[in-house]
Amino acid sequence: EVRLVESGGGSVQAGESLRLSCAASAYTYCMAWFRQAPGQEREGVAWIYTASGTTYDSDSVKGRFTSSQDNDKKTLYLQKNGLKPEDTTMYYCAARSTTRCTFSQEYDYWGQGTQITVSS
């Protein structure tokens with residue numbers, strides 16, 4: 001079992017930045033960030049293939065969010081710049097033991113989430 005703990009959420013003004021962290025008890029090949037608002041579908045935000053550092057950002061956040069990792073600390077980061085009110089929601093870290101880093105398939109492990117609120 002892989003345990004994931006997110007941190008770094010909070011309340012900010014539009015245009016400001018935050019960095020989310022996801023501390024993992026063990027790395028998997030594919031780790032990702034999702035977000036989900038109440039009553040809404042879960043949305044993939046970004047993923048990273050940890051073996052190479054290859055990343056992918058969804059169109060909704062491309063150019064604003066950047067994924068990175070610290071292999072020694074087994075921690076995933078999501079730098080979020082230029083935050084918008086529509087970014088307000090819960091963000092979740094997820095992992096799966098596969099190299100298929102997509103958003104369409106179910107992930108094996110999930111964190112409890114961290115809230116981000118962006119005010120205009």
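The values are calculated or read from the model by the stated rules, or taken from the named source; none is laboratory data. Computed from a prediction, not measured in an experiment: that's the story for all the values here. So basically every Cβ, Gly included, is an ideal-geometry build from the backbone, and we count neighbours across all protein chains shown. Note: accessible area is taken over every heavy atom of the protein model, side chains too, but ligands, DNA and RNA are not part of it. Shrake-Rupley method; radii C 1.70, N 1.55, O 1.52, S 1.80 Å.
A few remarks follow.
- Per residue value of the accessible surface for the chain (all protein chains in place, 1.4 Å probe), Å²: 52
- Charged-residue dipole, Cβ positions (Lys, Arg, Asp, Glu), the chain about Cα centre, Debye nearest 20: 160
- Carbon plus sulfur fraction of accessible area for the chain, probe 1.4 Å, in percent: 43
- The shape of the chain comes out prolate: with a ≥ b ≥ c from the C-alpha gyration tensor, a/c is at least 1.5 and a/b beats b/c.
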